[in-house]
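Here is the structure we will look at.
The values are calculated or read from the model by the stated rules, or taken from the named source; none is laboratory data. All values reported here derive from a predicted model rather than from experimental measurement. Remember, those area values only see protein heavy atoms, side chains included, never the ligands or the DNA or RNA. Shrake-Rupley method; radii C 1.70, N 1.55, O 1.52, S 1.80 Å.
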Amino acid sequence: MDIDIKKLPFSVWWQISKINGTWATVAFKRWTQTVDASILQAMNLEEWEAVADTLNYSFEWACKQFKVHRNKQKEG
């Protein structure tokens with residue numbers, strides 16, 4: 001079974017990264033550099049909030065990410 005890492009949600013990426021002892025912020029940066037833009041654009045606010053909670057970031061950060069990536073979807 002082949003797994004396309006560009007299609008993995010952050011929650012799965014983070015679980016794999018934890019096993020490897022990677023910091024959450026490093027895992028997030030690597031994920032955003034690897035994942036298809038369509039995955040980021042399709043995320044809803046609750047999913048961004050879960051990422052923010054994992055990274056100990058604010059709800060405002062989650063809202064900003066949601067808006068930025070939603071706008072990219074509308075532009076594309």
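Each Cα pair of the chain feeds into the Kirkwood radius, which the Stokes-Einstein equation turns, at 37 °C and 0.692 mPa s, into a diffusion coefficient of 257 µm²/s. Ligands, DNA and RNA are left out, and with a 1.4 angstrom probe the accessible area of the chain is 71 Å² per residue. Taking every C-alpha pair closer than 8 Å and separated by at least 6 residues, the mean separation divided by the residue count of the chain gives a relative contact order of 28 percent. Straightening the chain between Val68 and Asn56 buys 2.4 nm, computed as 0.36 nm per residue apart minus the Cα-Cα spacing. For the pair Arg30 and Lys18, the difference between a 0.36 nm per residue extended length and the Cα-Cα distance amounts to 3.0 nm. Using helices alone, what [θ] at 222 nm do you get for the chain, with -39,500 (n - 2.57) per DSSP H run of 4 or more residues, divided over all residues and rounded to the nearest 500? Computed mean residue ellipticity for the chain: -22000 deg cm²/dmol.
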